[in-house]
Amino acid sequence: MPVPNNDSHSAEYRKIYPFGKVPCLDVDGMIIGESETINEYLEEKFPTPALLPKSPEARARVRSFTRFHDLYLKPPLRALFRQMNPKTRDANLVKDKTAELTTRLDELEGRLADSGFATGADFTLADCALAPTLFFAVNLMPRFGLAALEGRKKLSAYWAHLQARPSVKKALGEMGEALAALSRRP
């Protein structure tokens, strides 16, 4: 659902989704928030093609990636969003969060399958979670003097493979437009 006036913290958007976070999905008046919940809802509603493997063990592997993403990888990156302007930047916060993000990217490097997508040959909910966060890591870390992919061979190969998928390419294109618009704001 579009965010009124592109401001997820506005009173108007908080009437829709009180947590003021993006994304949220309106399903016939029922608001579903949080990316992982939305992804799992869509997987259950539209199970073909499957984004969760059949075996409980493979499903657990996918879910371990989505939890790693939500609890460990995304939070330090999200904290850096408000530090984009060098004039208002909190140097200590940036130092702490870039160090944490670097550690998390190293951990991701170690967890990725040796080829293909995050957990192997098939595109899964793990990839759905990781794609937007990696987009921001790749595009925002240079503003802090860091590179998300440098020295991370598996992550670099994974990112290249992930971006080639048409659905991901489309989503990342839209995100690129939004990031460019955000960058033009005062």
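Filtering segment 4-24 down to residues that are touching a Phe, Trp or Tyr at 6+ places or on another chain (Cβ under 7 Å) and not in a helix (DSSP H, G or I), which residue is modelled with the lowest pLDDT? Break it down into steps so the answer makes sense when it comes.
Initially, segment 4-24 is screened for residues touching a Phe, Trp or Tyr at 6+ places or on another chain (Cβ under 7 Å), giving 4, 7, 20, 24.
With the extra rule that they be not in a helix (DSSP H, G or I), the set shrinks to 7, 20, 24.
Numbers: D7: 79, G20: 85, C24: 87.
So, considering only residues that are touching a Phe, Trp or Tyr at 6+ places or on another chain (Cβ under 7 Å) and not in a helix (DSSP H, G or I), the one modelled with the lowest pLDDT is D7.
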Taking segment 149-162 as the region of interest, how many residues are under 22 Å from K97 (Cβ atoms) and in contact with a Ser or Thr (Cβ under 9 Å, 6 or more places away or on another chain)? 2
Can you tell me which residue within segment 86-139, out of those that are hydroxyl-bearing (S, T, Y) and in contact with a His (Cβ under 9 Å, 6 or more places away or on another chain), is modelled with the lowest pLDDT? S115
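Find the helices (runs of 4 or more DSSP H) located wholly in segment 120-186 whose residues include 3 or more that are over 18 Å from K74 (Cα atoms), and list them.
Values: elements: 125-140, 153-164, 166-184.
So the answer is 153-164, 166-184.
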Qualifying residue in segment 39-61 (condition: surrounded by 11 or more Cβ atoms within 10 Å (Cβ to Cβ), in contact with a Cys (Cβ under 9 Å, 6 or more places away or on another chain) and within 15 Å of A131 (Cα to Cα)): yes
Matching residues in segment 143-153 (closer than 20 Å to A126 by Cα and either in contact with a Gly (Cβ under 8 Å, 6 or more places away or on another chain) or surrounded by fewer than 16 Cβ atoms within 10 Å (Cβ to Cβ) (or both)) number 1
Do the conditions hold for L80, that is, is it crowded, with 19+ Cβ neighbours inside 10 Å and touching an Asp or Glu at 6+ places or on another chain (Cβ under 7 Å)? no
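The values are calculated or read from the model by the stated rules, or taken from the named source; none is laboratory data. Model, not experiment: these values are computed from the prediction. Cβ: placed from backbone, ideal geometry, glycine included. Neighbour counts: every protein chain shown.
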